[in-house]
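Scroll down for the structure; my scribbles are underneath it.
The values are calculated or read from the model by the stated rules, or taken from the named source; none is laboratory data. Fair warning: this is a prediction, and the values are worked out from it, not measured in the lab. Positions of Cβ are generated from backbone atoms using ideal geometry, with glycine treated the same way; all protein chains shown enter the neighbour counts.
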Amino acid sequence: MMAAVAACKPMFFYKNSTDQLNGNRPMTTSDADRPRSLFFSILFLYLIFTFGSVSASPTAGSDGDASDCGAQIYGISCDDFRFEKKVVKKNQNLSRILLAHNVSHASIDAVAKNSEAVFDFRKIKAGNPYCIIKEGGTDAAARFLVYEQDSVNYVVYNLTELNVYLGSKPVETRIEEASAVIHESLSTTFSRLGLEYDLVEKLSEIYAWTIDFHHLQAGDRFKLIYERQYVEDLPIEPGKILAAEFIHKEEAYRAFYFEHEESEGYYDESGNSLRKSFLKAPLKYTRITSLPSTRRLHPILNIRKPHLGIDYAAPTGTPVYSVGDGVIFKTGYNSQRGKYIVIRHPGLYRTEYLHLDTIRRGIREGVRIQRGDLIGNVGSTGLATGPHLEFRFWKNDRVFDHLNISLPPERAIPEGSVPIYGKKMEALQARIEAIPDPASSLQATQVAEAAVKEQ
């Protein structure tokens, strides 16, 4: 029995095109030519094998296969040159590559200097493809070197004019859809679908303020409509998620992507933003006495050590509030932090509240709270010289200055854009509804498997 039943299909189908290489075809002699001397026959064969071997068709290089070529590749005509596709080897550099293809030291030096403002060739990655482009036979000097930075972007070294420029392959965006029932983790389900982890992160970010992805339930399910980029008819990275439906604990949460003149983001059926902002400060404070620092002189220990938070001076008993929606991750006491609370927020955020005098009753591990909820009171417990709150703000396990970090704000759709959003949302909603419910597919599979077992 499979752990997850999933369906993933592109809304637009494609098939890879196969380019055929055109070689030179030898002519046949006519009946009138048969009596001619053996000399002309030998001469004819000599010409065929000599000049027929120099073709505009791609030619395999020693390090890899030749690239199929249409009218152009990298913006360079295939009629005039030979293209040899290769792969960067470990410890290869510009000189080693070009010297192997009969480019002079002087030309290499000149093109390397001219490339400094465009691309640093020392940053090439072993395993990335590159292409040597020649005019003439395999022993001819290279006319171009093209290094592929990724599936889309490349760098062209013109070894005749000794200049360097950037290019990119045409990218086609197609719309695809996916759906699945979750029986394990979200990432495992996406892996079974053959989808990238990048899509998992994008979906998690969309619902970061709505669904706790650390506590999904068996039977939760989703539907997605998303963009995928294609280059040369091959799929590369996924783009934006255009619409999603996530059913958590049998409650449906829908999200629709929308751009307007002020911003962009994800909204529900009523046009409400799915993102919520943090409070600017966790309390009404008197002043800020210390900011995050890597080498602050500790006022009690008298040594320099990292200080990870913002110190808000305030009288003992001043209420302390959660800066955002989240779940209590930990509460406790130790000799340095004093009484403290750690809250985990959506979107890889975490906040800590230290040196508290009291922790509000009911604030314990696993309790869900909302932005602005009272969680405790200012004190001077632990290693502290006076009443204050040390507030630490983390994102993806890195501490940030909460006052200066760019935080996700709440975004409302401007009134003038509401009708436009309504039309786009309705169209996307119809597509979402047209995707078969993955739970129904699971039930059908279970019935079919049961019937097979009975037989």
Legend entry - Qualifying residues in region 94-152 (those that are acidic (Asp, Glu) and over 16 Å from GLY167 (Cβ atoms)) - the one surrounded by the most Cβ atoms within 10 Å (Cβ to Cβ): GLU135
Legend entry - Checklist (1) over 21 Å from LYS284 (Cβ atoms); (2) more than 35 Å from the chain's Cα centre (by Cα); (3) of a type in the set (Val, Ile, Thr) applied to ILE363, failing item: (1)
Inset, instruction - Tell me, yes or no, whether region 211-230 has at least one residue that is over 29 Å from ARG275 (Cβ atoms) and either not assigned by TED's automatic domain parsing to the domain that holds CYS78 or not basic (Lys, Arg) (or both). - result: yes
Inset, instruction - Kindly indicate whether any position in region 337-354 is at positive phi, modelled with pLDDT of 75 or more and under 38 Å from the mean Cα position of the chain (by Cα). - result: yes
Inset, instruction - Examine region 153-176 for a residue that is out of contact with any Asp or Glu (no Cβ under 7 Å at 6 or more places or on another chain), under 30 Å from LEU242 (Cα atoms), of a type in the set (Ser, Thr, Tyr) and assigned to a loop (DSSP other than H, G, I, E, B), and state whether such a residue exists. - result: no
Legend entry - Condition met for LEU389 (in contact with a strand residue (DSSP E or B) (Cβ under 7 Å, 6 or more places away or on another chain), on the phi > 0 side of the Ramachandran plot and hydrophobic (A, V, I, L, M, F, W, C)): no
Legend entry - Among (1) in contact (Cβ under 8 Å) with a residue 12 or more places away in the chain; (2) closer than 22 Å to ARG344 by Cβ - the single one TYR197 does not satisfy: (1)
Inset, instruction - Taking the residues in region 206-236 that are of a type in the set (Asp, Glu) and at pLDDT 85 or above as candidates, determine which candidate is farthest from ILE182 (Cα to Cα). - result: GLU232
Legend entry - Given (1) surrounded by fewer than 16 Cβ atoms within 10 Å (Cβ to Cβ); (2) at pLDDT below 90; (3) closer than 20 Å to LYS276 by Cα; (4) among the charged types (D, E, K, R), number of the condition ARG398 does not satisfy: (3)
Legend entry - Criterion: touching a residue at least 40 places away in the same chain (Cβ under 8 Å) and either in a loop (DSSP other than H, G, I, E, B) or more than 30 Å from GLU205 (Cβ to Cβ) (or both) - qualifying residue of THR381, THR351: THR381
Inset, instruction - Determine whether region 155-173 contains at least one residue that is touching a residue at least 40 places away in the same chain (Cβ under 8 Å), surrounded by 14 or more Cβ atoms within 10 Å (Cβ to Cβ) and on the phi > 0 side of the Ramachandran plot. - result: yes
Inset, instruction - For region 174-186, enumerate the residues that are farther than 27 Å from GLU148 by Cβ and either loosely packed, with under 15 Cβ neighbours inside 10 Å or not hydroxyl-bearing (Ser, Thr, Tyr) (or both). - result: GLU177, ALA178, ALA180, VAL181, ILE182, HIS183, GLU184, SER185, LEU186
Legend entry - Residue under evaluation TYR74, criteria (1) of a type outside the set (A, V, I, L, M, F, W, C); (2) modelled with pLDDT of 60 or more; (3) surrounded by 14 or more Cβ atoms within 10 Å (Cβ to Cβ); (4) more than 20 Å from PRO170 (Cβ to Cβ), criterion not met: (4)
Inset, instruction - Specify the residue that is surrounded by the most Cβ atoms within 10 Å (Cβ to Cβ); the eligible residues are those in region 262-289 that are farther than 14 Å from ALA208 by Cα, out of contact with any Gly (no Cβ under 8 Å at 6 or more places or on another chain) and of a type in the set (Gly, Ala, Ser). - result: ALA281
Inset, instruction - Looking for whichever is among the basic types (Lys, Arg), under 30 Å from ILE211 (Cβ atoms) and surrounded by 15 or more Cβ atoms within 10 Å (Cβ to Cβ) here; the options are ARG344, ARG368. Which one fits? - result: ARG344
Legend entry - Candidates LEU203, LEU195, filtered to the one that is part of a loop (DSSP other than H, G, I, E, B), within 30 Å of ALA244 (Cα to Cα) and within 17 Å of the chain's Cα centre (by Cα): LEU195
Legend entry - Selection from region 225-239 of residues that are surrounded by fewer than 20 Cβ atoms within 10 Å (Cβ to Cβ) and touching a helix residue (DSSP H, G or I) at 6+ places or on another chain (Cβ under 8 Å): GLU237, PRO238
Legend entry - The listed residue being among the hydrophobic types (A, V, I, L, M, F, W, C), touching a residue at least 24 places away in the same chain (Cβ under 8 Å) and within 15 Å of LEU279 (Cβ to Cβ), out of ILE343, ILE359: ILE343
